[in-house]
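I have placed the structure first, in the form of structure tokens, so that the comments after it can refer back to it.
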Amino acid sequence: MSNLRVLIVGGGTGGHIIPALAVARELVARDSAEILFVGTARGLESRLVPAAGFPLKLIQVGQLKNVSLMTRLRTLFDLPRSILACRRIIREFKPDVVFGVGGYASGPGMAAAIWLKVPAMVFEANAMPGLVNRLVGKRVQAAAVNFPAAAKWFRHCEITGIPVRPEFFSLAPPSSTAPHLLVFGGSQGARIFNVHLPQVIAALLQAIPGLTILHQCGARNLESTQGAYAATGADPTRWRVETFLEDMPAQFAEAHLVMARSGASSVAELAAAGKPSLLVPFAAAADEHQKRNAEAMVAAGAAVMLQEPDLKVPGKLLDALTGLLTHPVRLAQMGAAARTQAHPDAAQRIADRLAALGAEG
């Protein structure tokens, strides 16, 4: 289908927009598709979509969950106008199919597609779908999900996984046999990691000879996190704190264990890389979706989960890390289990379904 036209609605976080961009690239490469994104100025799509070379239309809409009453009222006020704006965009662009990826703009975009009876498909990365996808799940023509637990919310659902950069699927083994721990909390870092890792670093290094640690702390937290590590007197040649890690596949390759949040994209990268993990879900995530993601990895035998309050219990974080890093056979088994959760063909399968829907429409 050389003239396939796909409208992609949604965004907000990297977990929404990065998989959407992977699918968009796949559609262009194999179907010469025309792609138009719809998002908001406040979401990451306002930066990432133009940088990837795709056109973007902006609408005004905000959050409804886990926000103040004033923000909810403002969103409810904006919602009718944003749906009408999406309706105009659909009539002008004339898409064959609308693809909702969750986030701020997904609700108005999917509502407009349903209103105009344009074939629509949603993508859900988390084990517990977000509010918009739960509302439209039974009214769209197709859905792609990452976790089997999410499938019950949708009709005509396929478990495709999350599109992940190909590099994560072909990592070399770590260059050293000495254990290496990678700690990261997403692009902004995780304050709870920055506070609690330094508290156990001295004991952890003493318990595990040769252990090295790379801790990604976020741009705003470099000085305080480095200071907290240094104040412990731990050997500075065995730990390193960075604001941001440019080449995540390379950093994953060197890690024997990864300590991370359990956002959907992070979990998908861990699976693709076949890396064992200690997951600490973000407690304030909507619908506890990070906890559900972590539970799915634990159930697969790929991860151990600690919740945020656990990090405040003396000895609990140290025991968890020591128990994993001193048992390389267990780590290898967890890594193999993680790889069973990977979906190397996710982008292709999602693109296949979108193209089929477009042809049917």
Computed on Cα atoms only, the convex hull of the chain has an orientation-averaged projected area in nm² of 17.5
Between Val97 and residues 5 or more places away or on another chain, which pairs have amide H atoms under 5 Å apart, with H built 1.01 Å from N, and which residues are they? Arg5, Leu7
Tell me which chymotrypsin sites (Phe, Trp or Tyr not before Pro) from the range 92-153 have a DSSP coil assignment and no more than 14 other beta carbons within 10 Å of their own. none
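With every protein chain present, what is the per residue accessible area of the range 125-202 (1.4 Å probe, Å²)? List each step's numbers first, then the result.
Details: 3480 Å² over 78 residues.
Accessible surface, normalised per residue, equals 45 Å².
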The chain: angle of helix 346-360 to the longest principal axis, Cα-based, in degrees nearest 10: 10
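What is the range 8-61 by shape, rounded, prolate or oblate, if you read a ≥ b ≥ c off the alpha carbon gyration tensor as root eigenvalues and call it rounded for a/c under 1.5, prolate for a/b larger than b/c, and oblate otherwise?
prolate
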With a 1.4 Å probe and all protein chains kept in place, how do Met334, Met305 rank by accessible area, largest first? Met305, Met334
Under the 7 Å Cα-to-Cβ spin-label approximation, Glu167 and Glu308 lie apart by a distance in nanometres of 3.1
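Filter Lys117/Lys138; Lys57/Lys94; Lys94/Lys117; Lys291/Lys312; Lys152/Lys275 down to the pairs with a C-alpha to C-alpha distance above 22 Å, please. Working shown, then result.
On the way: Lys117/Lys138 14 Å; Lys57/Lys94 14 Å; Lys94/Lys117 12 Å; Lys291/Lys312 18 Å; Lys152/Lys275 28 Å.
Where the Cα-Cα span goes over 22 Å, the pairs concerned are Lys152/Lys275.
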Please find, in a Gaussian network model of the chain (springs between Cα atoms separated by less than 10 Å), the residue of Gly210, Gly335, Gly100 whose mean-square fluctuation is greatest. Gly210
So, counting K/R as plus one and D/E as minus one, what does the shell of residues with Cβ under 11 Å around Asp247 add up to? -2
Label the range 238-361 by shape, choosing from rounded, prolate and oblate, from the square roots a ≥ b ≥ c of the eigenvalues of the Cα gyration tensor; if a/c is under 1.5 it is rounded, and otherwise prolate applies when a/b is larger than b/c, oblate when it is not. prolate
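Mind checking the range 138-178 for trypsin sites (Lys or Arg not before Pro) that DSSP puts in a loop (not H, G, I, E or B) and that have at most 13 other Cβ atoms within 10 Å? It would help to have the intermediate numbers written out before the result.
On the way: sites: Lys138, Arg139, Lys152, Arg155; in loops: Lys138, Arg139, Arg155.
Passing sites in the range 138-178 are Lys138, Arg155.
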Give the angle, between 0 and 90 degrees and rounded to the nearest 10, that separates the Cα long axis of helix 191-207 from the longest principal axis of the Cα atoms of the chain. 30
Tilt of helix 14-31 relative to the longest C-alpha principal axis of the chain, in degrees (0 to 90, nearest 10)? 60
Whole Å is fine, so just give me how far the alpha carbon centre of the range 24-64 lies from that of the range 154-202. 26
Using amide H atoms built 1.01 Å from N in the peptide plane, name the residues 5+ places from Val122, or on other chains, whose amide H lies under 5 Å from its own. Gly100, Ala142, Ala143, Ala144
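Give me the percent of the accessible area of the chain that comes from carbon and sulfur atoms, probe 1.4 Å, all protein chains in place. Please report the intermediate quantities before stating the final value.
On the way: 8790 of 15800 Å².
Carbon and sulfur: 56 percent of the exposed surface of the chain.
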Name the shape class, rounded, prolate or oblate, that the alpha-carbon gyration tensor gives for the range 74-154, where a ≥ b ≥ c are the square roots of its eigenvalues, rounded holds for a/c under 1.5, and otherwise prolate holds if a/b is larger than b/c and oblate otherwise. oblate
If each of His327 and Ala151 carries a label point 7 Å out from its Cα toward its Cβ, how far apart are those two points in nm? 3.1
A correct Karplus calculation of ³J(HN,Hα) over the range 260-268, with 6.51 cos²θ - 1.76 cosθ + 1.60, θ = phi - 60°, whole Hz and x for Gly and Pro, returns 7, 5, 10, x, 4, 5, 4, 4, 5
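The values are calculated or read from the model by the stated rules, or taken from the named source; none is laboratory data. The shown structure was predicted, so the numbers you read here are calculated from the model rather than taken from an experiment. Positions of Cβ are backbone-derived with ideal geometry, glycine not excepted, and every protein chain shown enters the neighbour counts. Only protein heavy atoms, including side chains, enter the accessible area calculation; ligands, DNA and RNA are left aside. Shrake-Rupley method; radii C 1.70, N 1.55, O 1.52, S 1.80 Å.
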